[in-house]
Amino acid sequence: MTDATPSFPDIVPEPIGDGTPLAELTTMRVGGRAERILVARSGEDLVSRALELWEAGEPWLLLGGGSNTVVHDDGFPGTVLLVRNTGAAPIADPDLAPGRIRLRVQAGHDWDHLVAACVDRGWSGVEALSGIPGLAGAAPVQNIGAYGQELSDVLHSIEFLDRELGEVRRIPAAELGLGYRDSAIKQGMAGVVLSIDLLLADGAAESAGARGDAGGDAEAPILSAPVFYGQLADALGVTVGDRVPIRELRSSVLRLRASKGMVLDPEDHDSWSSGSFFTNPIVSEHFARTLPEGAPRFPVQPAGRAEEGPAVTSFAELAMGHPLRIPAPAPERQVKLSAAWLIEHAGVRHGFRLPGSGAAISDKHTLAITNRGAATADDVAQLARFVVQRVQQEFGVILAPEPNLYGLEL
Ligand SMILES: Cc1cc2nc3c(=O)[nH]c(=O)nc-3n(C[C@H](O)[C@H](O)[C@H](O)COP(=O)(O)OP(=O)(O)OC[C@H]3O[C@@H](n4cnc5c(N)ncnc54)[C@H](O)[C@@H]3O)c2cc1C
């Protein structure tokens, strides 16, 4: 496949006038109007409109699919810029290892359509991220992840319009501070992701190679990346670390997600949400010991030591006038807790709703705050605050929201 490959088909709901409430542009389906809505349908358009907005100095909000954004009922006091530049195609890269593909995806491309197209072509690396709503440009913002895969596993680089520099630059994934639902962009690196480059494995080339080497079955299915999530492995009837036919993996992920209301479905109010409303808290191992025995704890990769080399200056070195080196303290070990477990064990159950509220905890998943049809942003924020308070009172842990909140505070 070459650069001339036609763009993947993509469907983005047709917007949009200045009067459109943000409730119609976000999956939580709450939020009032913006003063102005602009739509950028190409990368050039995105750059020129963003530069104009920055020049004018008015408040601006970049919106992709609105699946991780909750806006106040009074709306947004400025301009909303909708990212709608679509397309995806492999690009040439002399450094690519054999059997690898570098795929450039425009920021406004629908994420799950992209995953579906990759699975169809037998390109693996994103199949466990099937069914995540939203557009490609927002994927690095919180380093989307699910079922044992994260964007950071396959992200090569992004093309970024840097607000500070006022120019477009390519940023390697390693410089984006990607972590658990986190990135430098989320932490305030202002600008616009114009496109993302992914490094995928070409399963078709791999199976052809295997057939050539071993004379194998011409009809052998293309395999997924290894399955690294216990619940998904169970659903597939395999062991963690196994590989399965890539299409089977996608179907299994979509089934699991739908059973939790985590696939957008207009008929299913459990999916009128922003997905998980809270991130799993990361706390010190010491603090985690204060929690009840049953509280799930997952080890977090330790951060590297602050300093390398000898921990202290020797007497001989001191005598020779070398400066005193104090040993860097060992970083405290951290563990990730389950926000869902904390919420449930603080007494907030599936379907919980405050009196008179249009928002409720999902019937299928305690981590999701959902709109039952007529919720306001205020209903959502009140329920979120209630959950935070209950968990804090019960366990001393302060939950942090995963979606980006505009005009709302918890
Ligand atoms: C039902 C459901 C299930 C979900 N499941 C998951 C899941 O399993 N894993 C997961 O990680 N997330 C999940 N999410 C959250 C969400 O889908 C992802 O975070 C997604 O990447 C958001 O994309 P979006 O285009 O909708 O972002 P938006 O909500 O439009 O934007 C999110 C943030 O990114 C900024 N932004 C958007 N586009 C750009 C750009 N081009 N450049 C710079 N900044 C930009 C926005 O300003 C905003 O701050 C789920 C959400 C829902 C509703």
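The values are calculated or read from the model by the stated rules, or taken from the named source; none is laboratory data. Model, not experiment: these values are computed from the prediction. With ideal geometry, Cβ positions are generated from the backbone for all residues, glycine too; neighbour counts draw on all protein chains shown.
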So is GLU159 within 12 Å of the ligand (Cβ to nearest atom), more than 29 Å from ASP242 (Cβ to Cβ) and acidic (Asp, Glu) or not? yes
Checking GLU293 against (1) surrounded by fewer than 12 Cβ atoms within 10 Å (Cβ to Cβ); (2) modelled with pLDDT of 95 or more, which single condition isn't satisfied? (2)
Would you confirm whether any residue within the range 167-180 is under 27 Å from SER271 (Cα atoms), touching a residue at least 40 places away in the same chain (Cβ under 8 Å) and not assigned by TED's automatic domain parsing to the domain that holds SER273? yes
Looking at the range 74-85, which of its residues are away from the ligand (no atom under 12 Å from the Cβ) and touching a Leu at 6+ places or on another chain (Cβ under 9 Å)? GLY75, GLY78, THR79
Those residues of the range 175-186 that are closer than 29 Å to ARG41 by Cβ and more than 9 Å from the ligand (Cβ to nearest atom) come to a total of 5
What pairs come up if the first residue lies in the range 85-114 and is among the hydroxyl-bearing types (Ser, Thr, Tyr), the second is within 12 Å of the ligand (Cβ to nearest atom), and their beta carbons are under 7 Å apart, counting only those six or more places apart or on different chains? THR86/VAL12; THR86/GLN106; THR86/GLY108; THR86/HIS109
Could you give every pair whose Cβ atoms fall below 6 Å, whose first residue belongs to the range 245-263 and is closer than 16 Å to TRP111 by Cα and part of a helix (DSSP H, G or I), and whose second residue is within 14 Å of the ligand (Cβ to nearest atom) and of a type in the set (S, T, N, Q), counting only separations of at least 6 or pairs across chains? ARG250/SER130; VAL253/SER130; LEU254/SER130
Quick one: which strands (runs of 3 or more DSSP E) lie wholly within the range 357-406 and hold at least 1 residues that are farther than 19 Å from LEU264 by Cα? 404-406
Kindly list the number of the only condition in (1) within 16 Å of the ligand (Cβ to nearest atom); (2) in contact with a Leu (Cβ under 7 Å, 6 or more places away or on another chain) that fails for SER224. (1)
Of the residues in the range 228-267, those that are within 16 Å of the ligand (Cβ to nearest atom) and either aliphatic (A, V, I, L, M) or closer than 19 Å to LEU200 by Cα (or both) come to PHE228, LEU232, ALA235, LEU249, ARG250, VAL253, LEU254, LEU256, ALA258, MET262, VAL263, LEU264
Restricting to the range 164-197, count the residues that are surrounded by 15 or more Cβ atoms within 10 Å (Cβ to Cβ), assigned to a loop (DSSP other than H, G, I, E, B) and not small (Gly, Ala, Ser). 7
Residues located in the range 32-62, provided they are within 15 Å of the ligand (Cβ to nearest atom), closer than 19 Å to GLY19 by Cα and either charged (D, E, K, R) or touching a residue at least 40 places away in the same chain (Cβ under 8 Å) (or both): ALA34, ILE37, LEU38, VAL39, ALA40, LEU61, LEU62
Can you find a residue in the range 111-121 that is in a loop (DSSP other than H, G, I, E, B) and either within 18 Å of GLY64 (Cα to Cα) or more than 13 Å from the ligand (Cβ to nearest atom) (or both)? no
Looking only at the range 126-140, which residues are surrounded by fewer than 24 Cβ atoms within 10 Å (Cβ to Cβ) and either within 6 Å of the ligand (Cβ to nearest atom) or under 17 Å from LEU103 (Cα atoms) (or both)? PRO133, GLY134
